[in-house]
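Read the structure below first, then the notes.
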Amino acid sequence: MSPMDSQQNSLSREKSTFKNASAQKVSVDNNSIENASAESNHKLLVSSEPHHNQLPIISAVRPLSELNHTVAIGYIVELGSNENANPHLAQARNQLSSLCDQRIWSTAFVNPDYTATIDNPKPDYTNQCGLLVMSEGHQDVLGLIAATKDIERHIKQGFFDSQPSTSIQTSTSRTKSFDSAASTTTNVKPANRQVLIDIDVLALVTANGVIAINERYPFKNHEWVGINELYTKGCFSHI
């Protein structure tokens, strides 16, 4: 064999070795990508804040004005409080139970106020999501929203009625003072609002799917946390 032939054979073997190594690397890289993709998808499924409809929960998003004649068999609601939260959430759950046939609640959890900043820290919220199940067509969405606002007012009134009059006067004076200052300057920092109880209706559950209320969508992080938990409990398996 001539030196030229020997050199060509050597080059051929090197090319073959390089191709095999490249093929193995591509195979490994593809497997890594697939595994990473699968892991990423899993993380999206259990994520507390899907940016899209990651779980097969929301079938449509419609404005509230179009939903009052929609026949619902349930509603997804969200409770929130940043002041003595546990008893206020308990009162809300108890009063909401009178509006439905069955209710399922997610785990209440404490989370930071998403509007808080370093310059304007705010108290943490305790949030909880619930599914109110009722007879088909038993309650229209506008009627339910009105009922939740009545419950909010009742809980707040009960709280203020239980406070010493001096505390109420002090709180009222501070509120008026802040409102007056805020009206005369644009540099006043926003007050850290005391929220005894907040009840929001997020979506209607129908026989054909869950319809999110457009004015409440996309859902916030803490709302997705509760909705995803209800989903894992099988609350929407009938759809």
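The values are calculated or read from the model by the stated rules, or taken from the named source; none is laboratory data. All figures in this text were calculated on a predicted structure; none of them were measured in a lab. Cβ coordinates were reconstructed from backbone atoms using ideal geometry, including for glycine residues, and neighbour counts include every protein chain displayed.
Go through ASP119, ASP113 for me and flag whichever is at negative phi and surrounded by fewer than 13 Cβ atoms within 10 Å (Cβ to Cβ).
Unique residue meeting the criteria: ASP119.
Could you list, in sequence order, all residues of the stretch 210-230 that are touching a helix residue (DSSP H, G or I) at 6+ places or on another chain (Cβ under 9 Å) and either acidic (Asp, Glu) or free of Cβ contacts under 8 Å to residues at least 24 places away in the same chain (or both)?
If the condition is that a residue be touching a helix residue (DSSP H, G or I) at 6+ places or on another chain (Cβ under 9 Å) and either acidic (Asp, Glu) or free of Cβ contacts under 8 Å to residues at least 24 places away in the same chain (or both), then GLU215, ARG216, PHE219, GLU223 are the ones that fit.
Please indicate, with yes or no, whether at least one residue in the stretch 128-137 is under 18 Å from VAL195 (Cα atoms) and of a type outside the set (A, V, I, L, M).
Yes, because at least one residue in the stretch 128-137 is under 18 Å from VAL195 (Cα atoms) and of a type outside the set (A, V, I, L, M).
Being at pLDDT below 95 and not in a loop (DSSP other than H, G, I, E, B): is that true of ASN35 here?
So ASN35 passes the test.
Take the stretch 199-220 and flag every residue that is under 26 Å from ASP113 (Cα atoms) and not in a strand (DSSP E or B).
Once the filter is applied, which keeps residues that are under 26 Å from ASP113 (Cα atoms) and not in a strand (DSSP E or B), the stretch 199-220 yields ASN214, GLU215, ARG216, TYR217, PRO218, PHE219, LYS220.
Looking at the stretch 108-133, which of its residues are in contact with a Gly (Cβ under 8 Å, 6 or more places away or on another chain) and of a type in the set (Gly, Ala, Ser)?
Listed by number, the list holds a single entry, GLY130.
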